[in-house]
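Working notes, structure below.
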Amino acid sequence: MLEKIKTIAKKYEGEIIETRRHFHKNPETSWNEVETTRRIAEELEKLGYENIKVGFGGTQSGVVADIGTKAGKCVALRADIDALPLNDEKDVPYKSQKENAMHACGHDAHTSMLLGAAKVLAEIKSELKGRVRLLFQPAEEHGIKPGAQALVDGGALEGVSAVFGIHVMSPVPSGEFHYRAGPFMAAADAWELTLTGKGGHGSMPEGAIDPIIAAFQLGGALQTIVSREVSPKDTAVVSIGGMRTSSHVFNIIPERVEMNGSVRTFRGEVQDCVEAAMRRIIGGICDCTRCKADFKYNRVLPATVNDAGITELVKSVAESLLGADKVKESPLNMGSEDFSHYGRVVPSAFAFLGTGRADKKTDAPHHSPKFDVDESVLFEGAAMYAAFAWSYLAKA
Ligand SMILES: [Zn+2]
Ligand SMILES: [Zn+2]
C-alpha cells in the first residue's frame, strides 16, 4: 500500500509544485490567510471532503475537513499556512508579489504537501480503515495568539486520537527525514523587566539609586541559572534580548532600565526552575542595589513533545517509504512550534523533512529573505502524510 501511495503522490508532483508556487507568490501573514483559506477549502470541496469548517479564532483563516469512514478512529494531519512579515529577496519566477509578506519558513510547502496528500487520500478513500482529518492551521508564527490553540479551542481535535505534522527544514539535507521521540522542540518563554531606581546627576551618585548597576549585575547573574542551577544533563537557554535606559544623556543617572529576553527549555521542571531562579535573583539584586523590579514572565509556547508510539510508527513508515538511509534521529531543536498545543491534547508526532541543497540555493536559514525549498522532495512529504494516516488507521 505504501508503494501505491508514493506512486499516486508522484503522479501529483507537478500540481504540488504549482500549488506551492501559487502560495509562495501570494503569501498571507498570521491571521490574514483569507485567500489561502478560500483556495484550500475550494480544493477540498472538489475532492469530496466532508465537514469542511472554515475560520478559526474569530477570523476567516484556517480549514479543517474530513475524509473516510465514520467507523474506526480519526487521525489528524497538520499543515500551517501562514507567511512572515518580510520582503522576499530571491530572484525566482515565483517570488512573493507582496510587500512585507513572504513564505520564509516553508509553510507554503506544508500547505501544498497536505493538499497533495488530500488528493492521494481521496483516491484511496475506500481503503481507509477510519477517518482522516486535515488541519490547515493559520498563524503558527503569531506568537501571542497561536493558530494551533485556536484550532484546539474550536473543537478541531474532537474525536481525534493522533496528530502528525511535518516541517520542511533548510538546515537538513534535502530528502532526509528526521524524527525524535520525547522532547523535540523547545518551549519558548518571554520575559520583561523594569528596574526602577532614582534618577540623579551623573556627578552626584550618592543622591541617586542607579538601576544600571542592577541591570549589569543581572546580566551576569542570570547566566548562572543555566550553568549552576539547571542540571548539565538538561538543556536551557536564558537570553537578554533588549536593554533600554529611561534617559540617554552622559551626565544623567537614569530613573529606569527596561530589559526583555527569552528562555528556552524542554521540560516543565526545568522551565519552573528557571522562572523561580530568575525571580529570586532579580529580587536579591534589587534588594542589594535598592532598586524596585516589575517582572513579567510569559510562557508563550510549550515544548513540542513527541509521543513514543506515534513517533515509532512515523519512523517505520518513513523507512519503508523513503528508504532507511534517509531516516535519521534528530538532535534536540531549540526552535519552538505551536504544534506543541496538539501534543498537550492527544498523542502526536512532529518531524522534519530536509529541503536544503546548496546547488539549488535552498539552504538559506528559515525566516531569512532568501529562504527557499527544494521542491523535488515535496511529493515525498505528501506521500508521508497520506502513508502515515493510512498506516495509523490500518493498525488501530
Ligand atoms: Zn517559522
Ligand atoms: Zn515554521
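Please report, in whole Å³, the volume per residue of the convex hull around the C-alpha atoms of region 305-378.
119 Å³
Take Ser368 and Arg244, extend 7 Å from each Cα along the Cα→Cβ direction, and tell me the distance between the two endpoints in nm.
2.9 nm
List the GluC sites (Glu not before Pro) within region 66-130 that fall in a DSSP loop (any state other than H, G, I, E or B) and whose Cβ has at most 14 other Cβ atoms within 10 Å.
Glu89, Glu99
Let me know the shape class of region 10-80, please: from the alpha-carbon gyration tensor, a ≥ b ≥ c as square roots of the eigenvalues, rounded when a/c is under 1.5, otherwise prolate if a/b is greater than b/c, or oblate.
oblate
On a C-alpha basis, how far is the centre of region 176-202 from the centre of region 4-83 in Å? Whole number, if you could?
Each part reduced to its Cα centre gives a spacing of 33 Å.
When you take every Cα atom in region 10-169, what is the radius of gyration, and what is Dmax, the widest Cα pair distance, in Å?
15.2, 50
Would you mind ranking Trp31, Trp390 by Cβ crowding within 10 Å, fewest neighbours first?
By the 10 Å Cβ count, ascending: Trp31, Trp390.
Computed FRET efficiency, Cβ-Cβ of Ala396 and Arg344, R0 25 Å: what is it to the nearest 0.05?
0.75
How big is the shadow of the Cα convex hull of region 187-300, averaged over all directions, in nm²?
The orientation-averaged projected area of the Cα hull of region 187-300 comes to 6.7 nm².
What list do you get for Met384, Met334, Met259, Met243 if you sort them by fewest beta carbons within 10 Å?
Listing Met384, Met334, Met259, Met243 from fewest to most nearby Cβ atoms yields Met334, Met243, Met259, Met384.
Whole-Å semi-axes of region 163-208's equivalent ellipsoid, largest first, each the root of 5 times a Cα gyration tensor eigenvalue?
52, 14, 8
I'd like the FRET efficiency for Arg228 and Arg299, computed as 1/(1 + (r/R0)^6) with the beta carbon distance as r and R0 of 22 Å, rounded to 0.05.
After rounding to 0.05, the efficiency reads 0.45.
Going through region 229-261, which trypsin sites (Lys or Arg not before Pro) have at most 14 other Cβ atoms within 10 Å and a DSSP loop state?
Filter output for region 229-261: Lys233.
What ranking of Lys328, Lys70, Lys145 emerges when the number of other C-beta atoms within 10 Å of each C-beta is taken as an exposure proxy, fewest first?
Ranking Lys328, Lys70, Lys145 by Cβ neighbours within 10 Å, fewest first, gives Lys70, Lys145, Lys328.
Over the Cα atoms of region 242-396, what is the Rg over Rh ratio if Rh follows Kirkwood?
1.14
Contour minus end-to-end for Asn51 and Ser376, with contour as 0.36 nm per residue of separation and end-to-end as the Cα-Cα distance?
Full-extension gain reported as 113.8 nm.
What do you get for Rg/Rh of the chain when both radii come from the Cα atoms and Rh is the Kirkwood radius?
Using Cα coordinates only, the ratio equals 1.06.
When only Cα pairs under 8 Å and 6 or more residues apart are kept, what is the percent relative contact order across region 187-300?
Taking the mean separation of contacting Cα pairs over the length of region 187-300, I get 44 percent.
No value in this document is a laboratory result; all are computed from the given coordinates. Since we're looking at a predicted model, the values are computed, not measured. As a convention, Cβ positions derive from the backbone with ideal geometry for all residues, glycine included, and neighbour counts pool all protein chains shown.
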